[in-house]
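In what follows, a structure is listed as structure tokens, so that the remarks can point back to it.
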Amino acid sequence: MRIYLDFEVRRVACRHCGKVKRERLEFLADNPFYTKRFAYYVGRRCRSTTIKDVAEELKLDWHAVKELDKQYMTAQLAKAGRPGPKVIGIDEISIRKRHTYRIVVSDLSRGRPIWFGGQDRSEASMSEFYTWLGASKRRRIRLAVMDMWKPFRNATQAHAPQAAILFDKFHVLRHLGEALDKVRKSEYARLTGRQRRYIKGQKYNLLSRRENLALEGRQALKTLLAANKRLNTAYMLRESFGQLWSYEREGWARRFFENWRASLKWQRLKPYEKFAQMIDRHWDGIATYCKPENKVALGFVEGLNNKIRVIQRRAYGLRDEEYLRLKILTCMLPAL
């Protein structure tokens, strides 16, 4: 369905350049065949539906729907205004194969992404965000949540030295899960014959939370832990480590960690010992969470990554990086 507008557009002769200029009508979209009201309707439909389905529904060209959606999202960002965050979350996402990454920065206080860009996940790409934010607003940042990626930490310390750095709990526990999986693989390689049947195919049950497993998975996990003492010890140590984020004083958290590391003695869990050394090296970024003012929602960044992956899957991948940027930055904004 194409709407043709029938009205008189005034033309004015410019005295300075001698050219004839047309009157600008504010209610028109960037595409002169449609009004802004219609463009906003298309944009609202594209929030929950693919471009292809909207184009078929409205009998429009695929590219026309995409451009109208871009105009709608640009208007959303203009209405939201330029951000001045105090608590930011930093993470990277893969936009295509072959390790092609972009950085996503979120305002954790307001619960929305505010920047998408860079060429990779290097320190130079992270510095682009702080340059875009400006010197005055950089000084307002008091907390930066990130994974244990050195370029992110270096760029933050260089451009916002007053900001405290907090390492994301999800990424810390992911490293611990990888250590547990290494223990599982070493036990499978050590055992022979019928003893392997308890370990084979149990990676999902072992790395999942017990309450998320079905009855069959819980029974298989119980059998596995009863059959292998070392895996049982590694599993219990992983489950207990999450208590570290419940303390409100750094001294108590440090005492818990030292006791947890002391329990590794004589257990022959080399991956866990390497994990404990990594935590010791990055302790400052974990102890920051003990302060009451730093108790922020650590799951928002990872939840945003899942939402971005849904956007990419729904479109079977987005080749237009500018369109992907607009989709990410407006996915948490209210509709116009």
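In this structure, is M126 touching a His at 6+ places or on another chain (Cβ under 9 Å) and either closer than 30 Å to E239 by Cβ or surrounded by fewer than 17 Cβ atoms within 10 Å (Cβ to Cβ) (or both)? Criteria not met by M126. Could we say that A262 is over 24 Å from the mean Cα position of the chain (by Cα) and either surrounded by fewer than 13 Cβ atoms within 10 Å (Cβ to Cβ) or in the same structural domain as L143 (by TED's automatic domain parsing) (or both) here? Yes: the conditions hold for A262. Filtering K59, K86, K97, K19 for residues that are loosely packed, with under 12 Cβ neighbours inside 10 Å and at pLDDT 90 or above leaves a single hit, K59. Taken as a whole, region 231-241 holds no residue that is outside any helix (DSSP H, G or I), outside the structural domain of V105 (by TED's automatic domain parsing) and either in contact with a His (Cβ under 9 Å, 6 or more places away or on another chain) or surrounded by 12 or more Cβ atoms within 10 Å (Cβ to Cβ) (or both). In region 107-212, counting only helices (runs of 4 or more DSSP H) that sit wholly within it, the ones holding 1 or more residues that are under 30 Å from Q267 (Cβ atoms) span 150-159, 169-190, 203-207.
Out of everything in region 313-336 that is within 17 Å of R45 (Cα to Cα) and among the charged types (D, E, K, R), what residue ends up being surrounded by the most Cβ atoms within 10 Å (Cβ to Cβ)? Ranking the candidates gives K327 first. When region 272-285 is filtered for residues that are surrounded by fewer than 19 Cβ atoms within 10 Å (Cβ to Cβ), in contact (Cβ under 8 Å) with a residue 60 or more places away in the chain and assigned to a helix (DSSP H, G or I), the ones remaining, listed by number, are K274, M278, D284.
Which of the residues belonging to region 205-227 are among the aliphatic types (A, V, I, L, M), more than 17 Å from E239 (Cα to Cα) and surrounded by 12 or more Cβ atoms within 10 Å (Cβ to Cβ)?
A220, A227 - these are the residues of region 205-227 that are among the aliphatic types (A, V, I, L, M), more than 17 Å from E239 (Cα to Cα) and surrounded by 12 or more Cβ atoms within 10 Å (Cβ to Cβ).
Flag: L180 matches the condition of being buried (at least 19 other Cβ atoms within 10 Å of the Cβ), assigned by TED's automatic domain parsing to the domain that holds T233 and either over 34 Å from the mean Cα position of the chain (by Cα) or within 21 Å of D147 (Cα to Cα) (or both). When E321, E248 are checked against the criterion of being of a type in the set (D, E), over 16 Å from H175 (Cα atoms) and touching a Pro at 6+ places or on another chain (Cβ under 7 Å), E248 stands alone in meeting it.
Matching residues to (1) at negative phi; (2) in contact with a strand residue (DSSP E or B) (Cβ under 6 Å, 6 or more places away or on another chain); (3) in a helix (DSSP H, G or I):
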| site | (1), (2), (3) |
| --- | --- |
| A287 | yes, no, yes |
| A297 | yes, no, no |
| K307 | yes, no, yes |
| R313 | yes, no, yes |
| R325 | yes, yes, yes |
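The values are calculated or read from the model by the stated rules, or taken from the named source; none is laboratory data. From a predicted model like this one, the values you see are computed outputs, not experimental measurements. Note that each Cβ is placed from the backbone with ideal geometry, even for glycine, and that neighbours are counted across all protein chains shown.
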